Amino acid sequence: MTAATALLTGIAVQKAWTTSSPGDAESYHQQVAQAAGEVPYRIGTWVGQDAPVPPAAITLLKPNVLISRRYFDLRTGLSAGVLLVQCRDARDMGGHYPPVCYPGQGWSLRTSTAVDWNVRGEVIHGKEYEFLKQGPSQADQLIVDNFMVVPHGPIARDMTSIRQIASHYSRRHFGAAQMQVVFMGRVDPDWRRRAGDELVDGFLPLILTIQQSRGEL
């Protein structure tokens with residue numbers, strides 16, 4: 001994509017954004033889907049493989065894009081799950097985020113902490129959730145790093161921005177997205193932070209395409 005093409009695309013999306021119907025958003029969703037197809041399975045020393053998604057989640061979210069992978073770190077042998085879902089209608093994202101979804105799977109929320117990632121000069125504002133599940137002999141731990149992405153808006157820590165868009169007919173059809181990086185078990189916090197930085201970096205072109213706040217990378 002040339003700079004001129006990127007500029008014209010941005011102008012067209014911005015115009016549709018202010019006076020939109022579902023059909024007006026179609027070219028935007030196609031652009032996001034194309035960018036999703038280019039997310040690499042190899043990110044630095046990480047190698048990814050597709051992970052299954054429960055059919056019920058697809059039915060509820062009605063995603064335009066849904067990437068579910070487990071990436072393995074060749075340096076350490078450790079792994080992390082990555083989920084990125086982008087819906088065509090912001091209302092479909094409504095209640096689907098870690099404090100709601102994981103307790104429904106038997107996990108108890110222990111802490112939630114604001115975190116920021118600085119990736120290629122982009123500041124990603126998110127939250128880190130810690131969940132526990134009591135097993136037969138000990139408690140299992142799950143750490144979920146999570147952030148929200150909306151068109152022509154800041155990357156956000158929680159659902160507030162998505163709910164605002166969902167309430168506007170002229171904006172909801174451009175949808176919304178969220179990304180999760182999931183760590184199972186008790187892992188070193190410094191490694192976990194590096195892992196989050198590296199995996200978010202691999203998804204950054206898709207994230208910025210969803211956000212539509214800049215030209216081409």
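Return yes or no: is P40 modelled with pLDDT of 95 or more, over 20 Å from A176 (Cα atoms) and part of a loop (DSSP other than H, G, I, E, B)?
Against the criterion (modelled with pLDDT of 95 or more, over 20 Å from A176 (Cα atoms) and part of a loop (DSSP other than H, G, I, E, B)), P40 qualifies.
Among A35, A3, which is the only one that is at pLDDT 95 or above, of a type in the set (A, V, I, L, M) and either in contact with a helix residue (DSSP H, G or I) (Cβ under 6 Å, 6 or more places away or on another chain) or over 18 Å from D201 (Cβ atoms) (or both)?
A35
Do you know which of the residues in region 110-143 that are part of a strand (DSSP E or B) and farther than 19 Å from G196 by Cβ is modelled with the highest pLDDT?
L132
Take L199 and tell me if it is surrounded by 14 or more Cβ atoms within 10 Å (Cβ to Cβ), modelled with pLDDT of 90 or more, of a type in the set (A, V, I, L, M) and in a helix (DSSP H, G or I).
Taking the combined requirement at face value, the residue satisfies it.
So, of the residues in region 33-43 that are among the aliphatic types (A, V, I, L, M) and either at positive phi or under 16 Å from the mean Cα position of the chain (by Cα) (or both), which turns out to be surrounded by the fewest Cβ atoms within 10 Å (Cβ to Cβ)?
If we take residues in region 33-43 being among the aliphatic types (A, V, I, L, M) and either at positive phi or under 16 Å from the mean Cα position of the chain (by Cα) (or both), then A33 is surrounded by the fewest Cβ atoms within 10 Å (Cβ to Cβ).
G77 passes all but one of (1) in contact with a strand residue (DSSP E or B) (Cβ under 7 Å, 6 or more places away or on another chain); (2) at positive phi; which number fails?
Going through (1) in contact with a strand residue (DSSP E or B) (Cβ under 7 Å, 6 or more places away or on another chain); (2) at positive phi one by one, G77 breaks only (1).
Restricting attention to region 44-72, which residues are β-branched (V, I, T) and either loosely packed, with under 15 Cβ neighbours inside 10 Å or out of contact with any strand residue (DSSP E or B) (no Cβ under 7 Å at 6 or more places or on another chain) (or both)? Steps first, answer last, please.
Narrowing region 44-72 to residues β-branched (V, I, T): 45, 47, 53, 58-59, 65, 67.
T45, I58, T59 - these are the residues of region 44-72 that are β-branched (V, I, T) and either loosely packed, with under 15 Cβ neighbours inside 10 Å or out of contact with any strand residue (DSSP E or B) (no Cβ under 7 Å at 6 or more places or on another chain) (or both).
From V123, V150, grab the single residue that is among the aliphatic types (A, V, I, L, M) and either at positive phi or more than 14 Å from the chain's Cα centre (by Cα) (or both). Lay out the reasoning, then the answer.
On the way: V150 fails: either at positive phi or more than 14 Å from the chain's Cα centre (by Cα) (or both).
Only one candidate qualifies: V123.
Got at least one residue in region 64-86 being part of a helix (DSSP H, G or I) and either free of Cβ contacts under 8 Å to residues at least 24 places away in the same chain or more than 25 Å from G135 (Cα to Cα) (or both)?
No; the residues of region 64-86 include none that is part of a helix (DSSP H, G or I) and either free of Cβ contacts under 8 Å to residues at least 24 places away in the same chain or more than 25 Å from G135 (Cα to Cα) (or both).
The values are calculated or read from the model by the stated rules, or taken from the named source; none is laboratory data. Everything quoted here is computed from the prediction, not taken from an experiment. FYI the Cβ positions are ideal-geometry reconstructions off the backbone, even for glycines, and counts take in every protein chain you see.
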